[in-house]
Amino acid sequence: MLDLLRILKDRAVKALHSVETSAELAQWQNTYLGRQDGELTKILRGLKDVPATERKTIGQRANEIKNELEEQAELRKKTIEERELISALIAERIDVTLPARTLNSGYMHPISQTIYEICGIFQKLGFHIIEGPEVETDYYNFQALNIPQDHPARDMQDTFWVEPGQILLRTQTSPNQIRIMEQTKPPVRAVVPGKVYRNEATDATHEAMFHQIEGLAVDSSTTMRDLRGALEAFARELFGPHTKTRFRPSYFPFTEPSAEVDVTCNVCGGKGCRVCKFSGWVEIGGSGMVHPQVLRNVQYDPAIYRGYAFGVGVERIAMMRYGINEIRLFSQNDLRFLRQF
Ligand code: DAH
């Protein structure tokens, strides 16, 4: 019987060498070490016919062989698992060198680009950049700016009311003059970019929503020459060194004196074209010296302080810079238009 065990062991070891996969290994374990029909179990079933004196030796030997085979099977298992892992890694390999799908990267809207550029120029001239609310009170949008309830100037700015007579969508960025002065002592130098709203019919040059940039400078010695100098420096920086500026007398309730600001048309260089309506000049905004009553409204003493203010239209400036003659293109979200900037 010891011979039988030895032969069995040799056969099992040999067979194990040709086992290549986990499935084959399970099969091998079943064949040689299986509890029910395994070869070893079969041999041990004959143990009852062996004389009692030999039984112990044979039993021990059978146990040893079983342990040895199990040990070798374990080693084989490790080798197989390693090999299977490697081939799985190779089979499931991801080729990271494939070129990625291209993503369309977005970029700034031409109006935002223009706002950033304008504010950047004023920043270099020493102005802070500040923002204010788009939903305003009647007080900030009109009254504090010297436009009382029954003032005819209100007719120029048809208003979207949130609560009639009290809360509105700001019609101009000028209310931020008041907000800034209420919160700061002079000297003040700030620009405020933002959206404004007017309840108007739209056409090629008018929209119900557009953008302005407000400017304000207050100090003890501020003059109209400073206003003119600042706007001239700004226009030259934005449109080029040959740009000229022109002030036309005008009226705004919150400035005195007031002026409308024109720059030479940079589409035609001042010769006259469709964009400047053949005048050679394009109006970019309003300006003036802050009205003494406005200063009093924010507890600034007009005997000590003077200031200048201006407000420019961003769409107008962008239209001139890019030679666009239809304002509504900016808000229509047509990529064929937007991709050109
Ligand atoms: N807020 C005025 C408007 O929308 C523009 C303006 C004019 C702003 C004169 C100013 C200014 O700061 O001084 O028509």
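The values are calculated or read from the model by the stated rules, or taken from the named source; none is laboratory data. What you are looking at is a predicted structure, and each value in this text was computed from that prediction instead of being measured. Quick reminder, even Gly has a Cβ in these numbers, built from the backbone with ideal geometry, and neighbours come from all protein chains shown. Note: accessible area is taken over every heavy atom of the protein model, side chains too, but ligands, DNA and RNA are not part of it. Shrake-Rupley method; radii C 1.70, N 1.55, O 1.52, S 1.80 Å.
Within the range 302-331, the set of residues being outside any helix (DSSP H, G or I) and open to solvent by 70 Å² or more (accessible area, probe 1.4 Å) comprises A303, I304, R306, N325. Within the range 82-100, the presence of a residue that is touching a Leu at 6+ places or on another chain (Cβ under 7 Å), touching a residue at least 40 places away in the same chain (Cβ under 8 Å) and open to solvent by less than 80 Å² (accessible area, probe 1.4 Å) is excluded.
Note on the range 216-244: residues that are surrounded by 21 or more Cβ atoms within 10 Å (Cβ to Cβ) and touching a helix residue (DSSP H, G or I) at 6+ places or on another chain (Cβ under 6 Å) amount to 2. The set of residues in the range 98-130 that are closer than 20 Å to I213 by Cα, under 19 Å from the mean Cα position of the chain (by Cα) and outside any helix (DSSP H, G or I) comprises M108, H109.
Residues in the range 190-233 that are within 34 Å of the chain's Cα centre (by Cα) and in a loop (DSSP other than H, G, I, E, B): R198, N199, E200, A201, T202, A204, T205, E207, A208. Across the range 252-275, the qualifying residues are those that are out of contact with any Lys or Arg (no Cβ under 7 Å at 6 or more places or on another chain) and without any contact (Cβ under 8 Å) to a residue 24 or more places away in the chain, and the one among them that is surrounded by the fewest Cβ atoms within 10 Å (Cβ to Cβ) is K271.
Being in contact with a Pro (Cβ under 8 Å, 6 or more places away or on another chain), within 12 Å of the ligand (Cβ to nearest atom) and part of a helix (DSSP H, G or I) is the filter here, so list the residues in the range 131-166 that pass it. The answer is N141, L145, A153.
Applying a threshold of 6 Å to beta carbon distances and a minimum spacing of six or more residues, or different chains, the list of pairs starting in the range 298-315 at a residue that is assigned by TED's automatic domain parsing to the domain that holds T184 and ending at one that is within 12 Å of the ligand (Cβ to nearest atom) and of a type in the set (D, E, K, R) reads G311/E214.
Taking the criterion of being farther than 23 Å from Q123 by Cβ and in contact with a helix residue (DSSP H, G or I) (Cβ under 8 Å, 6 or more places away or on another chain), the only residue of the range 175-202 that qualifies is T202. With respect to the conditions (1) β-branched (V, I, T); (2) within 16 Å of the ligand (Cβ to nearest atom); (3) open to solvent by 80 Å² or more (accessible area, probe 1.4 Å), I213 falls short on a single one, namely (3). Scanning the range 283-301 for residues that are open to solvent by 20 Å² or more (accessible area, probe 1.4 Å) and away from the ligand (no atom under 15 Å from the Cβ), we see that the one that is farthest from I111 (Cα to Cα) is D301.
Screening A100 on (1) within 16 Å of the ligand (Cβ to nearest atom); (2) out of contact with any Lys or Arg (no Cβ under 6 Å at 6 or more places or on another chain) shows it passes everything except condition (1).
Within the range 167-180, identify whether any single residue is within 16 Å of the ligand (Cβ to nearest atom), within 24 Å of D138 (Cβ to Cβ), surrounded by fewer than 15 Cβ atoms within 10 Å (Cβ to Cβ) and assigned by TED's automatic domain parsing to the domain that holds Y139, and answer yes or no. Scanning the range 167-180, I find no residue that is within 16 Å of the ligand (Cβ to nearest atom), within 24 Å of D138 (Cβ to Cβ), surrounded by fewer than 15 Cβ atoms within 10 Å (Cβ to Cβ) and assigned by TED's automatic domain parsing to the domain that holds Y139, so the answer is no.
Within the range 192-203, can one find any residue that is in contact with a strand residue (DSSP E or B) (Cβ under 9 Å, 6 or more places away or on another chain), among the basic types (K, R) and modelled with pLDDT of 95 or more?
Looking through the range 192-203, at least one residue is in contact with a strand residue (DSSP E or B) (Cβ under 9 Å, 6 or more places away or on another chain), among the basic types (K, R) and modelled with pLDDT of 95 or more.
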